[in-house]
1. Looking at V164, V207, V184, which one is part of a loop (DSSP other than H, G, I, E, B), more than 14 Å from the ligand (Cβ to nearest atom) and either outside the structural domain of L64 (by TED's automatic domain parsing) or free of Cβ contacts under 8 Å to residues at least 12 places away in the same chain (or both)?
2. Take the residues of segment 115-153 that are β-branched (V, I, T) and in a helix (DSSP H, G or I): which is farthest from the ligand (Cβ to nearest atom)?
3. Which count do you get for residues in segment 245-283 that are more than 23 Å from V164 (Cβ to Cβ) and touching a residue at least 60 places away in the same chain (Cβ under 8 Å)?
4. Using the structure shown, decide if R9 is at negative phi, among the basic types (K, R) and crowded, with 24+ Cβ neighbours inside 10 Å.
5. Can you name every residue in segment 53-83 that is within 15 Å of N106 (Cα to Cα), within 16 Å of the ligand (Cβ to nearest atom) and in a loop (DSSP other than H, G, I, E, B)?
6. Go through segment 11-49 and give me each residue that's more than 16 Å from the ligand (Cβ to nearest atom) and under 18 Å from C154 (Cα atoms).
7. Determine whether segment 36-50 contains at least one residue that is basic (K, R), out of contact with any strand residue (DSSP E or B) (no Cβ under 9 Å at 6 or more places or on another chain) and surrounded by fewer than 13 Cβ atoms within 10 Å (Cβ to Cβ).
8. For residues in segment 284-302 being closer than 22 Å to S242 by Cα and not in a strand (DSSP E or B), which is nearest to the chain's Cα centre (by Cα)?
Amino acid sequence: MHSLTKLVRIIKSSKRIVIATHRDPDGDGIAAALASAYLVKHYRRKEPVLFCHSRIPAKYQFLLGNLKFTRKAPDFDLLIAVDSAGISRIFPEITEQDLKDKTIINIDHHRSNNSFGTLRIIDQTASSACEIIYFIFKRLKIKVSKSLAEIFYCGIYNETGGFVYANTTKESLQIASELVGLGVRPDLLVKKLNAKTLGGTALLTKVLSTIEVKDGVAMMYLFQDMLERSSAEMSDSENFISFLEAIRGVRVSMFLREEKGGTRISLRSDGVIDVDQLARRYGGGGHRLAAGLRLQKTIPEAKKEILTAILREIKEHS
Ligand SMILES: [Mn+2]
């Protein structure tokens with residue numbers, strides 16, 4: 001495959017390599033960055049630098065092994081960007097234009113990916129960024145060790161919601177099967193991955209108590225003071241939205257989280273509307289059934305605005 005020959009050539013010829021995943025990283029983004037580090041290490045002696053603007057949530061620390069992420073924007077001549085639809089998802093204050101002299105490899109599966117970079121390996125039909133990178137290993141005939149197999153498994157498991165979302169495909173299950181063949185123990189690994197702290201569980205009860213459902217749209221929110229009151233971190237709320245999706249009759253779910261300077265909104269759809277399209281109108285994006293955006297508004301203001309947009313769209317599609 002032509003692009004993989006180019007990928008290897010770029011990795012071999014670059015001096016300072018940085019691998020970066022998006023801010024507020026999820027399991028797929030972190031795992032894709034770690035897997036890329038294995039890929040780079042296969043071709044070079046020098047360890048690549050791993051960058052993420054946000055802190056890596058404690059629950060993923062066990063995957064890191066000897067690898068570390070830095071939060072200080074590093075200098076590089078090659079950036080390998082994974083699971084990130086645009087440069088602003090990685091560096092909030094940097095634009096594509098600022099990096100026009102750098103070599104950038106863009107490995108992603110988001111439909112909202114804006115095609116940045118020198119070499120783009122984008123597959124919207126892939127379940128996850130990890131799936132794309134797994135296929136890179138296979139096509140380049142690089143051996144996948146047990147520790148790397150665990151990384152891939154966690155990424156795909158996380159992005160498919162534990163093999164239940166619409167991106168649970170023949171390919172993703174096939175890869176999972178191959179990873180188990182390489183020594184992954186799904187029971188032990190998933191137990192580690194899903195382990196909540198007591199504070200995280202306390203936070204869940206607080207967030208769930210805010211649930212409202214209106215005309216097929218389920219909503220709930222998280223205010224900063226709930227974190228303090230339950231000794232939890234924002235990253236503990238990563239999968240909370242699945243509780244909204246599980247409510248019978250709910251077509252669209254919206255989880256609003258208070259952040260410095262605004263509100264972060266996660267959206268899920270059962271297919272009735274395209275939440276990627278909707279999120280993009282506000283500068284966000286993602287996938288057709290799962291997307292996110294940020295608004296410089298308070299939670300009540302943001303909720304009102306997005307709820308109105310969702311209800312209008314549901315009406316148009318029914
Ligand atoms: Mn992903």
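The values are calculated or read from the model by the stated rules, or taken from the named source; none is laboratory data. Since the structure is predicted, the reported quantities are computational estimates derived from the model, not experimental observations. Glycine also receives a Cβ, built like all others from the backbone with ideal geometry; neighbour counts cover every protein chain displayed.
1. V164
2. Among those that are β-branched (V, I, T) and in a helix (DSSP H, G or I), it is I136.
3. Final tally of qualifying residues: 2.
4. Judged against the criteria, R9 is not a match.
5. The one that is within 15 Å of N106 (Cα to Cα), within 16 Å of the ligand (Cβ to nearest atom) and in a loop (DSSP other than H, G, I, E, B): D83.
6. Selection gives A37, Y38, L39.
7. The answer is yes; a qualifying residue exists.
8. This residue is H287.
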